[in-house]
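> Next up is a structure, given as structure tokens.
The values are calculated or read from the model by the stated rules, or taken from the named source; none is laboratory data. From a predicted model like this one, the values you see are computed outputs, not experimental measurements. Quick reminder, even Gly has a Cβ in these numbers, built from the backbone with ideal geometry, and neighbours come from all protein chains shown. For accessibility, only protein heavy atoms count, side chains too; no ligands or nucleic acids. Shrake-Rupley method; radii C 1.70, N 1.55, O 1.52, S 1.80 Å.
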Amino acid sequence: MDGRLVVGDLRVQEIVRGDGRVSYTIMDSDCSVVAEADGFLRTCAAGTDRTYAYVLVDHLRWLRFAGLTVESVSLEDLRHYMAALGAHYPGPFGLPWREGKRPYGHSALKTAAACLRGFYLHLGIHGVNPVLAEALRATRLPTRADRRRAMLGHVLHSMPANPLAPAEQMRRHPKMLPEGARELLLGAVSCARDRMVVTWLADGGFRIGELCGLRLVDLHLREQAACGQCRGPHAHICHREDNANRARVKTKTLWTSQDGTVCGGTVRRVSPAMIHTYFEYITTQYPAQSTHGMLLVGLHGPSRGQPWTTAAARSMLRRAAARGQIGRVVPHAFRHSFATAVLEAARGNAVIAREAGGWASAATVEQVYGHVDVHDPVFAAALEQVWGTQP
């Protein structure tokens, strides 16, 4: 039988539950659930289960392609698979896989390694391939950062290690918006909703899932709001599983709703320009008969009045960028530009930038965005002083 037909039998299946939550599993060609994968995916958090489902289905297809099973695969086989995805491996890695496709980047390789380790450790708990599970329980010495993050970090002796993970790399400086992109995009969009999207992405540093997942009750756009968590105008970014547009918030900070007032989540400050574009959109385009409560809605066609999807928002930005002749623009570039601008305005204070953009760690902000401009006169003056050429 053609190998490509065999490996293609496995597929990811989306499951929409009665309460609106969405989960994912893996199905075989006879429409039966792959029990090993389903049991593991049930243990994953919302959002993670979707990512891991697509990583895992590729791996299970590779097992069939290579004539292996979850009971017989070894650590060396998994290293061969990671090499086939694009990881560095000092030697031959077996049959080619994913021909014609680009190799995974560093971040995707780390995700695949974490997924495979979790999957086989889960199977090991249930008595499947205990030898491999034991090999994946490797440890390493804790770093200074590990000790700083952990409670009682000074007594740490070891940390879990993933033998499949690629070696750490210095993160490259992220791609930001072209110079003047915000003004060009605002001139290229054609309606109040799109002007609001551009402004909120630029001034708020929102991820696109956060922005499309906002509900009207999440917005406290006046001083001294009832939640009592921020004196100025702000928005609460809340992870929800039942959004009709499937928009999900990455950071799952706890939140509550008391007497119609949202508290908790990630609190993000709102600029005057953001408030202005919000009221322009609400008073001129938001449908009065809307009952779903989502902030962003479709304005044309069959989806008019329905919650706006992240895919639709990305398409709008792509079209506006083409009209403005500024090249390709993705929503996350706004977040990169926002973080860099806040970090510069805060004179390198990563804690301020962390709170402004909702990052989990100030160290992440420093590592990703804390780069020196080599053309900065201060940088040049410092070098000249060291070299002794400055009076």
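> Quick one: which of 216-227, 284-295, 327-338 comes out on top by average Cβ neighbours within 10 Å, and what's the full order, highest first?
327-338, 216-227, 284-295
> Determine the dipole magnitude for segment 34-185: charges of +1 sit on the beta-carbon of Lys and Arg, -1 on that of Asp and Glu, nothing else is charged, the reference point is the Cα centre, and the result goes in debye to the nearest 20.
The calculated dipole for segment 34-185 is roughly 580 debye.
> Figure the gain on full extension for residue 13 and residue 242 (residue separation times 0.36 nm, minus the Cα-Cα span) and round it to one decimal in nm.
Numbers: separation 229, 0.36 × 229 = 82.44 nm, distance 1.78 nm.
Result: 80.7 nm gained on full extension.
> Specify which labelled value, from [x] 65, 46, 39; [y] 70, 61, 47; [z] 53, 49, 37, agrees with Cα extents along the principal axes in Å derived from the coordinates of the model shown.
The calculated read-out lines up with [y].
> Could you let me know the centre-to-centre spacing of segment 151-209 and segment 70-90, using Cα atoms, in angstrom?
Between the Cα centre of segment 151-209 and that of segment 70-90, the gap is 31 Å.
> Next up: If you count, for each residue, the other Cβ atoms within 10 Å and average over each peptide, how do 138-150, 182-194 line up from highest to lowest?
Sorting 138-150, 182-194 by mean packing, highest first, produces 182-194, 138-150.
> Still on this model: First measure r as the distance between the Cβ atoms of residue 261 and residue 325, then evaluate 1/(1 + (r/R0)^6) with R0 = 51 Å and state the FRET efficiency to the nearest 0.05.
Efficiency for this residue pair is about 0.70.
> Which value, in debye to the nearest 20, describes the size of the charge dipole of the chain about its Cα centre when Lys and Arg Cβ atoms bear +1, Asp and Glu Cβ atoms bear -1, and nothing else is charged?
The dipole of the chain has a size of about 460 debye.
> Rounded to the nearest 10 degrees, what's the angle between the helix 272-284 long axis and the longest principal axis of the chain, both from Cα atoms, 0 to 90?
For 272-284 against the chain, the angle is about 90 degrees.
> Work from the charge dipole of the chain (Cβ charges, +1 for Lys and Arg, -1 for Asp and Glu, about the Cα centre) and give the residue of 189, 74, 334 farthest towards its positive end.
189
> How large a share of the accessible area of the chain, in percent, is made up of carbon and sulfur atoms when the probe is 1.4 Å and the other protein chains stay in place?
Accessible surface attributable to carbon and sulfur in the chain totals 55 percent.
> So, by mean Cβ neighbours within 10 angstrom, what's the order for 72-85, 256-269 with the highest one leading?
72-85, 256-269
> Between residue 297 and residues 5 or more places away or on another chain, which pairs have amide H atoms under 5 Å apart, with H built 1.01 Å from N, and which residues are they?
308
> Shifting gears a bit: Only helical DSSP H runs with n ≥ 4 go in: add -39500 (n - 2.57) per run for the chain, normalise by residue count and round the 222 nm mean residue ellipticity to 500 deg cm²/dmol.
Working: 16 runs with 169 residues, N = 391.
Result for the chain: -13000 deg cm²/dmol, rounded to the nearest 500.
> Also, quick follow-up: Work out how much length residue 283 to residue 68 would gain on full extension: take 0.36 nm times their residue separation and subtract the Cα-Cα distance, in nm to one decimal. Present the calculation step by step, with values, prior to reporting the outcome.
Values: separation 215, 0.36 × 215 = 77.40 nm, distance 6.06 nm.
Full-extension gain reported as 71.3 nm.
> Moving on to the next point. Please report how many Lys pairs in the chain have alpha carbons closer than 21 angstrom, counting only residues at least 8 apart along the chain or sitting on separate chains.
Taking the Cα cut-off of 21 Å, the pair count is 5.
> Once phi is turned into ³J(HN,Hα) by the Karplus curve 6.51 cos²θ - 1.76 cosθ + 1.60 with θ = phi - 60°, what whole-Hz value does each residue of segment 190-203 show in order, with x for glycine and proline?
My calculation for segment 190-203 gives 10, 8, 5, 4, 5, 5, 5, 4, 4, 5, 6, 5, 6, 8 Hz in order.
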